[in-house]
Amino acid sequence: MPGPDPARAAGRKLAAAALLCFVASAPAQQPPPQAAACAACHGPGGNSQQPLVPSLAGQPKLFIENQLVLVREGLREIPPMKGLLDGMADAELVALAQYFSAQKPVRPATGPRDAAAYARGEALSAKMHCGSCHLPDYAGREQIPRLAGQHEAFLLQSMKQLRDRPGPGRDTIMAASLYGLKDADLADLAHFLAHFGASGS
């Protein structure tokens, strides 16, 4: 039985090396033109550097699409975004969602972890089954947002708004889930989620 053909084996290795070089040199996804306006608040690549502004990087594509449509149609009011999406076509919103969902999340700078607050937030999250919808790693899925590694101040503000002022464009399931929780409970949840997955957590 003849042995392997050295020339053919060398050819396969050369082809594999060429493929690796092509993949390594492939250009990164270019942001849509509209992404520049988003970066002014949500940060470069959708990684927010402002405590009260959420990061979009790595959020589920469908979640971003839904929120953009709600804002454009006036069903969710976010004053800083008012008018930014007026007249934007569905395809442009989809392109924005695709771009930001593909970006790598960068954990924002956070203060030191408070072990007691983290433990209380972790226990409360388990009791409320937050991981059932947001997934056990709190990365989110489909129309459900990523919570892990978001700004603590933003998480706390958002949960207070959902609890106290549920309205058009807001998740009624979340409003019901947070009903009756005290501010201290929400603060513990926000602290836990902001620090979840960080080194030492």
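No value in this document is a laboratory result; all are computed from the given coordinates. Note that the coordinates shown come from a computational prediction; the quantities given were computed from them, not determined experimentally. Every residue, glycine as well, gets a Cβ built from its backbone with ideal geometry; the counts of neighbours run over all protein chains shown.
Listed here are the residues, each with its yes/no results for (1) more than 29 Å from Ala102 (Cα to Cα); (2) aliphatic (A, V, I, L, M); (3) out of contact with any Asp or Glu (no Cβ under 8 Å at 6 or more places or on another chain).
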| residue | (1), (2), (3) |
| --- | --- |
| Gln161 | no, no, yes |
| Ala175 | no, yes, yes |
| Tyr179 | yes, no, yes |
| Asp185 | yes, no, yes |
| Asp188 | yes, no, yes |
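Annotation: Arg165 fulfils all but one of (1) under 22 Å from Leu68 (Cα atoms); (2) in contact with a Lys or Arg (Cβ under 8 Å, 6 or more places away or on another chain); the unmet one is (2). Here Ala184, Ala153, Ala148, Ala194 are screened, and the one residue that is surrounded by fewer than 21 Cβ atoms within 10 Å (Cβ to Cβ), of a type outside the set (D, E, K, R) and closer than 26 Å to Gly46 by Cα is Ala153.
Only one of the listed residues (Ser158, Ser101, Ser125) is over 23 Å from Ala35 (Cβ atoms), surrounded by 19 or more Cβ atoms within 10 Å (Cβ to Cβ) and of a type in the set (Ser, Thr, Tyr). That residue is Ser125.
Has the stretch 101-114 got at least one residue that is in a helix (DSSP H, G or I), over 16 Å from Pro51 (Cα atoms) and touching a helix residue (DSSP H, G or I) at 6+ places or on another chain (Cβ under 9 Å)? Looking for residues that are in a helix (DSSP H, G or I), over 16 Å from Pro51 (Cα atoms) and touching a helix residue (DSSP H, G or I) at 6+ places or on another chain (Cβ under 9 Å), one finds at least one in the stretch 101-114, hence yes.
The set of residues in the stretch 89-98 being in contact (Cβ under 8 Å) with a residue 24 or more places away in the chain and either among the small types (Gly, Ala, Ser) or surrounded by fewer than 16 Cβ atoms within 10 Å (Cβ to Cβ) (or both) consists of Ala95, Ala97, Gln98.
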